[in-house]
Amino acid sequence: MREDSVSIKTAPIKSYWRRVLGAVTGHDGRARSHIKDRSIRPAIDPSALAGHDRRARSRIEGRSIRLVIDGTRYKTLDWSLGGFRIAGFDRTLSVSEEVAGEVLGSRWVAGGAFTAELCWSRDGQVGFRFLDISSRTFLSMTHRIEN
């Protein structure tokens with residue numbers, strides 16, 4: 001990771017699935033070893049998760065960010081501090097593959113380099129999760145979300 005960049009951390013997957021599946025826990029969220037019934041029962045109906053937006057950070061729509069990935073310019077359909085969605089992505093990538101790019105500076109957001117991972121691809125659109133982003137760009141994006 002570059003010295004002037006921010007690493008984006010995500011919540012531990014294990015704790016996420018405990019919350020989703022409703023593992024036997026105490027009031028503080030910790031698993032209880034003295035509970036004899038350790039079967040996992042769904043806390044909610046799994047069909048209720050279909051199409052559910054599990055995004056942890058606020059999504060910004062209507063104010064696009066301009067990006068350059070492998071020499072091609074894109075405008076985001078929406079973005080957050082965790083990632084972005086674009087249309088017309090012309091490369092064939094598998095989920096979890098990484099790309100390096102640059103946020104082009106504007107009056108909205110300061111420019112800077114980033115590394116992102118492909119999370120999904122459907123209907124001509126792709127969603128990426130930031131793995132690394134310049135601190136200047138990250139701070140300017142934070143400022144835009146808060147104001």
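Structure summary
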read-out: Members of region 74-106 that are outside any strand (DSSP E or B) and either under 18 Å from the mean Cα position of the chain (by Cα) or of a type in the set (D, E) (or both); value: S80, L81, G82, F89, D90, L93, S94, V95, S96, E97
read-out: Top-ranked residue in region 107-147 [being under 16 Å from R85 (Cβ atoms), of a type in the set (F, W, Y) and surrounded by 18 or more Cβ atoms within 10 Å (Cβ to Cβ); ranked as farthest from the chain's Cα centre (by Cα)]; value: F114
read-out: Residue under evaluation T92, criteria (1) surrounded by 15 or more Cβ atoms within 10 Å (Cβ to Cβ); (2) at pLDDT 85 or above; (3) farther than 26 Å from I145 by Cβ, criterion not met; value: (1)
read-out: Leading residue by the ranking (surrounded by the fewest Cβ atoms within 10 Å (Cβ to Cβ)) among those in region 58-73 that are more than 18 Å from the chain's Cα centre (by Cα) and not in a loop (DSSP other than H, G, I, E, B); value: R73
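The values are calculated or read from the model by the stated rules, or taken from the named source; none is laboratory data. Please read these numbers as outputs of a predicted model, since none were measured by experiment. All Cβ positions, even for glycine, are placed from backbone atoms using ideal geometry, and neighbour counts span all protein chains on display.
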